[in-house]
Amino acid sequence: LVESWSFLDTVESNFRPLVVIELAKGIKEETIEWFTKRIVDKKASGGAQLLIKPLVTENGVENIYLVGASHLRLLLGAETVGLVKECNDNSMRTFTYSSRKTFKDFADDNHDFLTMAECQYIIKHELENLRAKNEKIIPGYPQAKLYPGKSIVRRLLTSGILVQIFPLHDREELKKLRHSWYGQVKVGYQPLDDIRCYFGETIALYFGFLEYFTFALIPMAVIGIPYYVFAWEDYDKYVMFATFNLLWSTVILEVWKRICAILTYRWGTLLMKRQFEEPRPGFHGVLGINPVTGREEPVYSSIKRQLRIYLVSLPFVCLCLYFSLYMMMIYFDLEQWALDYHKENESNFSSLMLYVPSIIYAVVIEIMNRIYRYAAEFLTSWENHRLESSYQNHLILKVLVFNFLNCFASLFYIAFVLFDMKLLRQSLATLLITSQILNQFAESLLPYWLQNRYNRRMKKRMCSQKSDTDLSLADQVNMEKEMGTYLGTFDDYLELFLQFGYVSLFSCVYPLAAVFAVLNNITEIYSDALKMCRVYKRPFAEPTANIGVWQLAFETMSVISVVTNCILIGMSPQVDALFPDSKMDLVLTVALVEHLLLAIKFIMAFVIPDKPRDIQMKLARLEFESLEALKQQVRAFQMQL
């Protein structure tokens, strides 16, 4: 590998732009020269050894640069980041340049061996690993401090010198993907492999989970329709439905782990080794020595961070939860007013008014969720977490706790305080349907309309009515740099998590919840595909082996649903009539059934393997071969001695 780096030339005649770098306007010339030199410098000199060209338009050279790399450079980068590719013997192995001939479809002149998304990921990795050597400041900006080992790109971003870095779309490939993905209305699976090749594993895995979850909801929807039609008030008939729901929620989550393992093994990310995490861009502190790496980097006291969490963040979250409960009580006052109004008037209008409080409350819930999200992001950033994973975990915890209480507190109050099953059914249906409509509008339709309007203005300004694939490179870059930035799958998973709660927590009261969830998810697949292809800039691919902390979140929700459904069934008049003399016997029976169902649930989770048998065998064989290769290296070294 070292010899390959030394012979690598940074000049290539067929320059293929992959990544766009936009610098701030009015940036000093010496800063541009220093930064571009570091990008093209050889690895031995601390550079990235990439190709870079300024974007030339009719107005001359702008503050936009295009970054690419030679084919050899990308192959060496693939080894550096640990990409896993398929070999000629159909096994999956970590790519190495020295053994490149053993990999399927590899040829020295085959530039499609690495997908465009993989190439862009490699370039992003190399840019982020450009580190300061002896520089104390960024040339031209004495206030932007540097120290040995500091990521140059991250310092440029936090200093406002670098505006953004984003990967370019491939207009031809995008057109093909759009056609196969959402260009035609059809009943079938999504082209997950094509999505993965274009957008990377994280986004492909989200769409895989969305598709799987939608198909998994169909049995619940099919069974729920006759229960809704023929057994509206007979809650004892819901016992079988609720029991099936509880077992179903366990099975689908365990089966998803297996499907996830199959997908990520095929894509190579199941075998990728986790890289050492660098400090996140927003992390700050006093300059010190990292005891693990030995490099200089900011150091921040964990005691100070804990004080910020427990003395500021936690009280703020509790205050927000109190405010959410306060809004809930206002909603119940409105419900009482609507009920009184209906009793007085008994008209069609008054009947419609019964749904108005729930609709208003659903809108208020969505608004509060979005405002709280911004506050949670600010607080979590202020807590100054060193690692991105720690930042994400604290953010997800804050958001999940608030969203769970904000969305479901009123339903728990109606069910277990007011004991009003009719109002519970009405509120659940209204909250579910209203939140789905609002999410579709806010996340897909509105951004799509705004982006379309902007694109029309841009095309008129360019005096061109060309199609997307006929745009010049400069026009394409100028259009894409103004598109919105996709902020990740957080909000998409959160929406599915809340939907799962609506479907599972009170399934025995409103069986039609699964029907509306299926209908919503079918449109969600198309609208999310539309926004990925037409609304947002292309995101960088991010290798991942699973859906992360969301798997635990869904499993926790399924455990809570066991408790709520058992209590609801125990509260029904039919079950209550079975214990006329002793309510304690009723409580003990419900608790026994609940513990029994939880035991069955955990046994099923234990019995169903997370990975299929064939993948377990392949992983074990790879581990065995790695150990054997290590032993041979040790023997060879000992013989040399």
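The values are calculated or read from the model by the stated rules, or taken from the named source; none is laboratory data. Remember, it's a predicted structure, so these values are computed and weren't measured experimentally. Heads up, the Cβs are rebuilt from the backbone with ideal geometry, glycines too, and the neighbour counts pull from every protein chain shown. The protein model used for the area step is the full one, side chains on, heavy atoms only, and it has no ligands, DNA or RNA in it. Shrake-Rupley method; radii C 1.70, N 1.55, O 1.52, S 1.80 Å.
As a calculated quantity, the FRET efficiency between residue 337 and residue 381 at R0 = 35 Å, using C-beta atoms, amounts to about 0.25. Treating r as the C-beta distance of residue 194 and residue 584 and R0 as 51 Å, the FRET efficiency rounds to 0.30.
Quick check on packing: order 376-387, 66-77 by the mean number of other C-beta atoms within 10 Å, highest mean leading. Show your work: numbers first, answer last.
Numbers: 376-387: 17.8, 66-77: 21.9.
Listed from highest to lowest mean packing, they are 66-77, 376-387.
Backbone amide hydrogens, once placed in the peptide plane, bring residue 484 within less than 5 Å of 537, excluding anything fewer than 5 places away on its chain.
Taking a ≥ b ≥ c as the square roots of the eigenvalues of the Cα gyration tensor of the range 301-458, is the shape rounded (a/c under 1.5), prolate (a/b larger than b/c) or oblate? Present the calculation step by step, with values, prior to reporting the outcome.
Numbers: a/c = 3.17, a/b = 1.44, b/c = 2.21.
Oblate, because a/c is 1.5 or more while a/b does not exceed b/c.
Screening the chain for whole DSSP H helices with an alpha carbon extent of at least 24 angstrom along the helix axis and a mean Kyte-Doolittle hydropathy of at least -0.5 yields 201-230, 238-267, 314-345, 356-382, 388-413, 421-440, 513-530, 549-571, 583-607. Compare the Cα positions of 140, 90, 40 along the charge dipole of the range 19-168 (+1 at Cβ of Lys, Arg; -1 at Cβ of Asp, Glu; about the Cα centre) and return the one farthest towards the positive end. Farthest towards the positive pole: 140.
Of the chymotrypsin sites (Phe, Trp or Tyr not before Pro) found in the range 391-436, those in coil by DSSP whose Cβ has at most 11 other Cβ atoms within 10 Å are 419. The Cα atoms of the range 70-221 give a gyration tensor whose axes a ≥ b ≥ c have a/c of 1.5 or more with a/b no greater than b/c, which makes the shape oblate. Checking the cross-link pairs 124/273; 43/133; 145/481; 28/136 against a 22 Å limit on the alpha carbon distance flags 145/481 as lying beyond it.
Multiplying the residue separation of residue 390 and residue 255 by 0.36 nm and subtracting their alpha-carbon distance yields 45.8 nm.
Below 8 Å, C-alpha to C-alpha, sequence gap of six or more: please give me the relative contact order for the range 19-168 in percent.
Values: 225 pairs, mean separation 40.3, N = 150.
Rounded, it is 27 percent for the range 19-168.
Ordering 175, 422, 43 from largest to smallest accessible area (1.4 angstrom probe), what's the sequence? Please list the in-between numbers first.
On the way: 175 110, 422 150, 43 75 Å².
Most to least solvent-accessible, the answer reads 422, 175, 43.
Given axes a ≥ b ≥ c from the Cα gyration tensor, I'd like to know whether the range 397-444 is rounded (a/c under 1.5), prolate (a/b larger than b/c) or oblate. Before the final figure, lay out the partial values.
Values: a/c = 5.39, a/b = 1.39, b/c = 3.87.
It comes out oblate by the Cα gyration axes.
Figure the gain on full extension for residue 88 and residue 302 (residue separation times 0.36 nm, minus the Cα-Cα span) and round it to one decimal in nm.
Working: separation 214, 0.36 × 214 = 77.04 nm, distance 4.92 nm.
Extra length from residue 88 to residue 302 when fully extended: 72.1 nm.
Hey, what did the chain get for relative contact order, percent, Cα under 8 Å, at least 6 apart?
Working: 744 pairs, mean separation 118.3, N = 641.
Worked out over the chain, it gives 18 percent.
Between beta-carbons, use under 15 Å as the cut-off and find the net charge around residue 491, counting Lys and Arg +1, Asp and Glu -1.
Working: positive: 370, 373, 398, 531; negative: 366, 377, 443, 492, 495, 524, 528.
Charge balance near residue 491 sits at -3.
Both the radius of gyration and Dmax for the chain are 28.3, 99 Å, in that order, over alpha-carbon atoms. Looking only at the range 74-88, which residues have a backbone nitrogen under 20 Å from a spot 7 Å from the Cα of residue 632 in the C-beta direction? Backbone N within reach: 85-88. The spacing between the range 384-406 and the range 324-373, judged by their C-alpha centroids, is 30 Å. Subtracting the Cα-Cα distance of residue 15 and residue 180 from their residue separation scaled by 0.36 nm leaves 56.5 nm.
To the nearest 10, the accessible area of residue 178 is 40 Å² with a 1.4 Å probe.
Share of the range 19-168's accessible area from carbon and sulfur, percent, 1.4 Å? Could the numbers behind the result be given before it?
Values: 3190 of 6320 Å².
About 50 percent, which is the carbon plus sulfur part of the accessible surface.
Pairs of alpha carbons in the range 482-599 separated by more than 25 Å make up 45% of all such pairs.
Residues whose amide H comes within less than 5 Å of that of residue 51, counting only those at least five positions distant or on another chain, are 68, 69, 70 (H built at 1.01 Å from N in the peptide plane). Taking every protein chain into account, the accessible area of the chain amounts to 49 square angstrom per residue (probe 1.4 Å).
Take the Cβ atoms of residue 43 and residue 490, set R0 to 35 Å, and the FRET efficiency comes out at 0.50. Determine the percent antiparallel among the DSSP beta bridges restricted to the chain, to the nearest 5. Of all bridge pairs located within the chain, approximately 95 percent are antiparallel. From most to least packed by mean Cβ count within 10 Å, the peptides 262-272, 163-173, 346-356, 326-336 give 262-272, 163-173, 326-336, 346-356.
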